[in-house]
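The values are calculated or read from the model by the stated rules, or taken from the named source; none is laboratory data. Just so you know, these numbers come straight off a predicted model, no measurement behind them. Cβ sites come from the backbone with ideal geometry, for glycine too, and all protein chains shown count toward neighbours. Ligands, DNA and RNA are excluded from the accessible area calculation, which covers all protein heavy atoms including side chains. Shrake-Rupley method; radii C 1.70, N 1.55, O 1.52, S 1.80 Å.
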Amino acid sequence: MDSLKKQLLDLLDENDIPELFEELKKLKLNDHTYKNLQEEFIHGAKYDFAKRIKTHINYKFDELVEKEEASFGKANNIEALQVHIAQFAPYQGQSIGTAKEKLQNLLHQQKLQKSWENAQKQDQIEGYQYFIANFEPETALVTQAKQKIARLEEEALWQKSTKSIEQLLDKYTHTYPQGVYVAQAQAIAKQLNLAYQAENEPKAIAQNPFIIPLSNKISIAMIPVEGGTFGMGYKTRRDGEDDGYLKDAKPFHLVTLDSFYMGKFTVTQEQYFAVMDKDSGSYFKGDRLPVEMISWDETQEFINKLNAKTGKTFRLPTEAEWEFAARGGQQSRRFMYAGSNNLDEVAWYDDENSGSTTHEVGSKDPNELGVYDLSGNVWEWCEDYYDAEFYEKSAGAKNPVNKIKSGDCVTRGGGWRNLSASCRAAFRACGSPTSWDDDLGFRLVLSL
């Protein structure tokens, strides 16, 4: 306000009286005294004119300062602050900067509170996740949101687990060892004459994912997979009868892998758009549906852009990494499919089961590691070039990967239109690196 007053007084010193009157009028300082002074100037009455108009300017600005202080003192809500700013911003009021900051804080708090109320009203995991994504790290409510997500996840797992005693023991009790339903779990197990021996059960499937944000709302979740040695390839007792399509899955051999991160889900269409800023070109449309109609070459374009965006070094899984993760890694229970011997529990496959379409990622049960859809939904590209005899060449190897170019690249896991045999963890397939189909997608890996 002082600088504005100085500008007006400078006009007076420069004897630019018409401009001075015009500025006073713009600032709505043209009261009765102003009009008298203007009339005198027009008619040539200039006795002590400069002194009197200077007095008038000083008086009006002193009056403005008092009004501004009084107004700001009462501006304790959004509406009052908006009125205050609108009234005194033209005069470059000294409180305007503070008032704007105060208004911004109140608007933010209003938005935060409204978003929190909406999340509580819906009481859904997605609503609380949206709240956290928009308001972290504002600790108090964000902490409550995370607690509510944990409660909802526990309740959901309990409801799901009670459908199967095996799930009850393997999933619920190990994921929530202090959970509110543990006593009920033990009672149900006892009633069914099941030996409830927690120390003898498999390790917990739940692992803390590594989250890489792509935007405010979209991220990629990566599950840690502890390295080790495992039996890769076809084994009758584990993988069922050989129907003539498992020749290239032999011989059964040992492979050793370093630890790595595996994508919790196949890459979705919303993740693809967040990286590439264009539609994925998938045949079936949906943000949470897996990307399909994508070639091996196109996955490399996506990965290159993703790495530039995140500063990470994503890649496709090697065939050995894919099978190790599909079999549950160090927590493997030697299932035929990725996570179960009952394919209906873990996979979308065959036209009758899948309805001849892809489905949202994570809508079936995960495997022992907490990774979803490694069997069914869409085939998954691997890093390796396909070699029908590679298992003979890589027996006993550490971190094997076939980099010798051939006409095809490896695909694994089966898709929504395939029979159950193709969804076995041992089953191998391949395709040209330039080929694509509406049941062919991909998953990401990060080395530790």
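Of the listed requirements (1) touching a Ser or Thr at 6+ places or on another chain (Cβ under 9 Å); (2) open to solvent by 50 Å² or more (accessible area, probe 1.4 Å), residue 218 misses just one: (2). Residues in the stretch 291-332 that are surrounded by fewer than 18 Cβ atoms within 10 Å (Cβ to Cβ), in a helix (DSSP H, G or I) and in contact with a strand residue (DSSP E or B) (Cβ under 8 Å, 6 or more places away or on another chain): 310, 330.
If I filter the stretch 368-407 down to residues being among the charged types (D, E, K, R) and crowded, with 18+ Cβ neighbours inside 10 Å, which single residue comes out as nearest to residue 340 (Cα to Cα)? Write out each step before concluding.
Taking the stretch 368-407 first, the residues among the charged types (D, E, K, R) are 368, 373, 380, 383-384, 387, 389, 392-393, 398, 403, 405.
Among the residues that remain, those that are also crowded, with 18+ Cβ neighbours inside 10 Å are: 368, 373, 380, 383-384, 387.
Working: 368: 9, 373: 11, 380: 19, 383: 25, 384: 26, 387: 28 Å.
The extreme case among them is 368.
Among residues of the stretch 130-147 that are under 13 Å from residue 118 (Cβ atoms) and assigned to a helix (DSSP H, G or I), those with a Cβ under 7 angstrom from a residue that is hydrophobic (A, V, I, L, M, F, W, C) and at pLDDT below 80, sequence gap 6+ or separate chain, pair up as 141/135. A single entry from 443, 424 fulfils the requirement of being buried (at least 23 other Cβ atoms within 10 Å of the Cβ), within 22 Å of residue 245 (Cβ to Cβ) and modelled with pLDDT of 95 or more: 424. The set of residues in the stretch 96-120 that are open to solvent by 60 Å² or more (accessible area, probe 1.4 Å) and touching a Gly at 6+ places or on another chain (Cβ under 9 Å) comprises 118, 120.
With respect to the conditions (1) aliphatic (A, V, I, L, M); (2) surrounded by fewer than 22 Cβ atoms within 10 Å (Cβ to Cβ); (3) within 26 Å of the chain's Cα centre (by Cα), residue 419 lacks only one, and its number is (3). Looking at the stretch 337-347, can you tell me whether even one residue there is assigned to a loop (DSSP other than H, G, I, E, B), out of contact with any Phe, Trp or Tyr (no Cβ under 6 Å at 6 or more places or on another chain), aromatic (Phe, Trp, Tyr) and at pLDDT 95 or above? Yes - at least one qualifying residue is present in the stretch 337-347.
Residue 93 passes every criterion in (1) surrounded by 15 or more Cβ atoms within 10 Å (Cβ to Cβ); (2) part of a helix (DSSP H, G or I) apart from (2).
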